[in-house]
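The next block holds one structure in the form of C-alpha cells; read it before the comments.
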C-alpha cells in the first residue's frame, strides 16, 4: 500500500468551537453571558437603591393603567370587552408575573431587569456576528450601563419589553442575514466587491425566519409603530443574507427558480411568524367590536397629537390636564362623538382624528413640514423628553443612575454611532438591515410624536454602531493613523451638534419631572404639603406650565389655603383658556372663601365646554342648593346621577334638596338608594331619619337615627332629632 501524497494532503482546520472547548472563556457564549451578569448586577443595585422610594411605591400615568389592567387579567378577565386602545402585550406579561409571584411590583421590576440584562447579552451576541467580537462586547456593555436602559428596566412600563424584543430581533437577524463574523471590508485598503462570495457559513434553520416574524409581531404588540419594520424584514427575508445592491438591482440571480423558491419560503415563514402573534389580537378585536384592528385603535388620536395646528412635536393630551391613560380613550371618543354628533365605533373614532390631521396637513403643508423638522430634531436631541416618569427625578434617589447620567447620554451615543456608521460605509451592503430598521423606526416616531420612551428602541441599534466607532476607530488609529478618521470624526461632531440644538429646554424637562413627582405626592400619596415644593419648582422652571400652576392651587386648597390658591388657578386659565380642569378647581376655591356667584359662573363655563362632566354637575348642584336655588340644584344632581349612577354624594344631596322643597317621599327613596350603596354612612342615616320623622314614621325614624348615633354618639343634631322621634313614637 503506497503512502499518501504528502504534497496534496491538508491538515483539517480546527473549528473555532474546538479551540473554545479548550478555553471556555473564548467560547462564543462566554462574552454574552459576562455582559448579562454585569448588566444584571447593575440593575440589582439600582432596584436596591430605589426600594421604598415614593416613585417605586406609587404608580402614575400609563404605569398605573398597566398595573390595574394586569390585575384584572390575573383575576380572570383575560379577554376584556373593548378593542385594545393601548398595546396589550405588556399588561399580559405583568399578569403572568403577578400570577406566579403575587401582585408584587418589585417582582415585576426584577423580571424586567432580568429581561433587560438578557437584552444586553443578546446585543453582544448579535454584534459579534454582525461586526466583530470586540464590537459585540462593547455594544452589550454600552447598553448595560446606558442610564435610560437601567431606568426603563425598573419602570412599570413597556419599555423593558421594547428593549428585549429589539435586541432579540437583532440577534435573530445576525443568525439569518449575516455570515460568520470576520474582518470588515471597511477596514481593508480596497473596497469589497458587491458580488464577492461570503465566508463559509451554515444555512440558517428555517425556524429562525419564523422566529424573526414572531419577535417583530411581539415588538408591534408593545410598540405599535414597530409595524414600520415589517417591509424591511420582508426584504431581508427575500434577500436571505445576500448583500443589498447587485442582487437586488440585477434581477438575474433573483429570478432563478431555486432562488425565488427559497426567497418565497423565507418570506412566507416570516409572514407566518407575524400572523401567529398579531393574528389572535386582530381576531380578538374583531370579535368585540366587529372591526379589524391589527394591534390597537389609537392610531388616529396618536397621529393627531403629533400633527395638528397646536402640536409642539411631543406629547400633548387632547384635553388640557388630561395627560394620563385614564382619560386618553374617553377624551378621544367624547370629542369625536361631539364633533360628529353620533355614537362612533373604535375605528370611526380613529378615522375622525386621522382625518382632522390630514385637514391640517393639506391646509398648511409648510407649517406641517416645519413641525416634522422639529420632531426630527427632538428625536436626535440629547435631552430625554419626559412623558410621565422623569429619569432626572429618579436619579435623585439613585447614586448609580446619577453617575451613569454623567457618563453617557443620547447625544454621545448618537455621535459615536455616526462615527461607526461612516467607518463601516463599505460594509453597508451587508449591514443594511440594521440601518434600514433604525431609519424605519425613527421615521415612524417622527411621523407621530417624540418622547423618551418612544425613541428608546433606537438605543440598541445605535449602541452597535457606537461600539464600532470606538473599537474600529481605535484600530484604525493604531494601524493607519488619524487621517482615515477625519471624515468619520467630522460626521460624529455634526451629529453631536445636532443633538445639542436647543430645540427643547433642560429646565422645562426638569420642571415636567418635578410636576410628575408633585402630582404623585398630591394624588397618590395624598400628601399635599410634601407636594407643594416640587410643584412650585415646576412652576419656577417653566413659568408657562399651566398644569403645574393648577396643581399648586389644588395642593394649597387641600392644605386649607384656598385664598392663596386662587391666583394660581387664574394664571393657569390665563395661560390656557381651554383648561377646564383649572376652572373647576377655581370654582371650588372660590366657594371655599365664600364667593359663591363667581364659583357658579366658573362651573357653568366648565359644563358649557363639557356637558357630561358629572363632578361639575354635582358641585354646581351643591352651590345652587347653598344659594337656595333648589329646583336648579335638583336638575344638576339628577344629571350627575344619569352620567354616573349610584354616586352616593349625589343621591344624598338630591335627597336633601328634595326634602328642602317638601318632596319627602322622593327624598326618602333617594336616601334609601344611598344606604343600599353604603349602609354605614351616619350622615345619610341622619337625613333619612329626619325625612321619616316628617313623614310621620316616628318609630322607623328612631331606628335610623339610632343607627346614625352609633357612628357619631356626640353629634348634637342626631341626638336632638332622635329625642324628637322617640317622643313622637312614645318610646
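Quick notes on this structure:
- Comparing Cα centroids, region 202-243 and region 407-467 end up 18 angstrom apart.
- Relative intensity, log₁₀ I(q)/I(0), of region 610-731 from a Debye sum that treats every alpha carbon as a point, q = 0.13, 0.14, 0.18, 0.19 Å⁻¹: -0.50, -0.58, -0.89, -0.96
- Legend: ranking of residues 259, 350 from fewest to most surrounding C-beta atoms inside 10 Å; resulting order 259, 350.
- Mean separation of Cα contacts under 8 Å, 6 or more apart, over the residue count of the chain: relative contact order %: 11 percent
- Theoretical ellipticity at 222 nm over the chain - DSSP helices of four or more residues, -39500 (n - 2.57) apiece, nearest 500: -22500 deg cm²/dmol
- Taking the number of Cβ atoms within 10 Å of each Cβ as an exposure proxy, the fewest-first ranking of 483, 726 is 483, 726.
- Shape analysis of region 421-507 places it in the oblate category; the axes a ≥ b ≥ c from the Cα gyration tensor give an a/c of at least 1.5, with a/b not above b/c.
- Cα centroid separation, region 109-163 to region 696-731 (Å): 68 Å
- The calculated FRET efficiency for the pair residue 359 and residue 612, based on their C-beta separation and a Förster distance of 30 Å, comes to about 0.75.
- Against the compact-protein benchmark of 2.2 N^0.38 Å, the Cα-based radius of gyration of region 604-675 scales to 1.02.
- Within region 431-474, the percentage of alpha carbon pairs spaced more than 12 angstrom apart rounds to 63%.
- In region 111-171, inverting the average of 1/r over every pair of distinct C-alpha atoms gives 11.1 Å as the Kirkwood radius.
- Alpha-carbon centroids, region 295-319 and region 542-604: separation in whole Å: 27 Å
- Tail beyond 13 Å, pair distance distribution of region 513-580 (Cα, percent): 56 percent
- Sorting 53, 673 by the number of Cβ atoms found within 10 Å of their own Cβ, with the fewest placed first, yields 53, 673.
- Cα-based shape type of region 347-397, given that a ≥ b ≥ c are square roots of the gyration tensor eigenvalues and the cut on a/c is 1.5: oblate
- Compactness of region 29-120, expressed as Rg and Dmax over alpha-carbon positions, Å: 15.1, 47
- Over all Cα atoms in region 478-554, the spread is summed up by Rg and Dmax: 21.1, 65 Å.
- Region 598-731: relative contact order in percent, alpha carbon pairs under 8 Å with at least 6 residues between: 14 percent
- Directionally averaged projected area (convex hull, Cα atoms, the chain), nm²: 42.3 nm²
- Angle of helix 682-694 to the longest C-alpha principal axis of the chain, folded into 0 to 90 degrees and rounded to 10: 30°.
- Treating each Cα of region 568-640 as one equal point scatterer and applying the Debye formula with no solvent, the log10 of I(q)/I(0) at q = 0.19 Å⁻¹ comes out as -0.69.
- By definition, a body whose alpha carbon gyration tensor gives a ≥ b ≥ c is oblate when a/c is 1.5 or more and a/b is not larger than b/c, and region 304-427 fits this oblate description.
Only the coordinates and a few stated rules stand behind these numbers; no lab work does. Keep in mind the model is a prediction, meaning the values are calculated, not measured. Backbone-built Cβ (ideal geometry, glycine too); neighbour counts: all protein chains shown.
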